[in-house]
1. So which of 27, 12 ends up being acidic (Asp, Glu) and assigned to a helix (DSSP H, G or I)?
2. Can you report the number of residues in segment 32-47 which are exposed (fewer than 13 other Cβ atoms within 10 Å of the Cβ) and touching a helix residue (DSSP H, G or I) at 6+ places or on another chain (Cβ under 7 Å)?
3. With respect to residue 70, determine if the residue is at pLDDT 85 or above and surrounded by 10 or more Cβ atoms within 10 Å (Cβ to Cβ).
4. I need every pair where a residue in segment 4-31 that is surrounded by fewer than 15 Cβ atoms within 10 Å (Cβ to Cβ) has its Cβ under 9 Å from the Cβ of a residue that is polar (S, T, N, Q), sequence separation at least 6 or different chains.
5. For segment 47-66, give me each residue that is of a type in the set (Ser, Thr, Tyr) and over 12 Å from the mean Cα position of the chain (by Cα).
6. Which condition breaks for residue 53 when tested against (1) within 30 Å of residue 2 (Cβ to Cβ); (2) surrounded by fewer than 10 Cβ atoms within 10 Å (Cβ to Cβ); (3) at pLDDT below 85?
7. Of everything in segment 57-66, what is surrounded by fewer than 17 Cβ atoms within 10 Å (Cβ to Cβ) and at pLDDT 85 or above? Give them in sequence order.
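The values are calculated or read from the model by the stated rules, or taken from the named source; none is laboratory data. Quick caveat: nothing in here was measured; it's all calculated off a predicted structure. Cβ placement follows ideal geometry from the backbone for every residue including glycine, while neighbour counts extend to all protein chains displayed.
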Amino acid sequence: MECGVCAARVVELRRGRCWGCYNRWGESRPVGLGAACAICDERRRGELRLLELHGRSHPFCHSCAGRIARLESVPATLLAIRQLLTRERRETDRRGGAEDARIFPRERRVGERRAPARSASDEKTNPRILLSDFDDIVVEIEDSQIEVVEQTTVRPTPQR
């Protein structure tokens with residue numbers, strides 16, 4: 001068969017293109033505003049790309065698209081792909097019912113591991129040291145503490 005773009009003779013075509021042309025075409029397709037990765041909900045457009053699965057194009061982030069490309073067989077539904085690629089290891093207890101051998105056993109999975117995103121209202125409830133806090137500081141230097149350093153200066157050219 002002949003590629004419709006570069007006219008290369010190949011065994012298999014995808015959308016009338018050889019694999020090289022198809023990959024270039026797929027990488028150049030823009031992702032729409034407000035798109036999010038169908039697996040991990042990544043929203044940065046620079047990280048998103050369209051990937052064709054089972055005849056439909058879906059937005060995936062670079063990481064999820066790479067993991068899908070390495071799968072031996074791709075499940076038929078997005079839900080099945082999402083379950084296969086899930087990275088949340090905290091959902092189930094991985095100890096498998098084994099006895100806790102620590103001296104002081106306690107639950108280690110308390111609360112969220114990642115802090116929520118900061119907002120402008122957080123500044124009022126959780127103040128940090130800001131540069132504006134230092135407006136009142138005045139440093140006084142005496143003449144004896146000033147060190148004279150020769151510097152090159154820029155002066156206007158004298159008028160003739």
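1. When all the criteria are applied, what remains is 27.
2. Residues that pass the stated criteria total 0.
3. Working: at pLDDT 85 or above: yes; surrounded by 10 or more Cβ atoms within 10 Å (Cβ to Cβ): no.
So residue 70 fails the test.
4. Taking only residues 6 or more apart or on different chains, the pairs are 29/57.
5. Filtering segment 47-66 down to residues of a type in the set (Ser, Thr, Tyr) leaves 57, 63.
The answer is 57, and nothing else.
6. Of the numbered conditions (1) within 30 Å of residue 2 (Cβ to Cβ); (2) surrounded by fewer than 10 Cβ atoms within 10 Å (Cβ to Cβ); (3) at pLDDT below 85, the odd one out for residue 53 is (2).
7. Looking only at segment 57-66, we keep the residues that are surrounded by fewer than 17 Cβ atoms within 10 Å (Cβ to Cβ), and these are 57, 62-63, 66.
Hits for segment 57-66 are 62, 63, 66.
To keep it simple, each residue is scored yes or no on (1) assigned by TED's automatic domain parsing to the domain that holds residue 81; (2) outside any helix (DSSP H, G or I).
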| position | (1), (2) |
| --- | --- |
| 4 | no, yes |
| 21 | no, no |
| 37 | yes, yes |
| 40 | yes, yes |
| 43 | yes, yes |
| 50 | yes, yes |
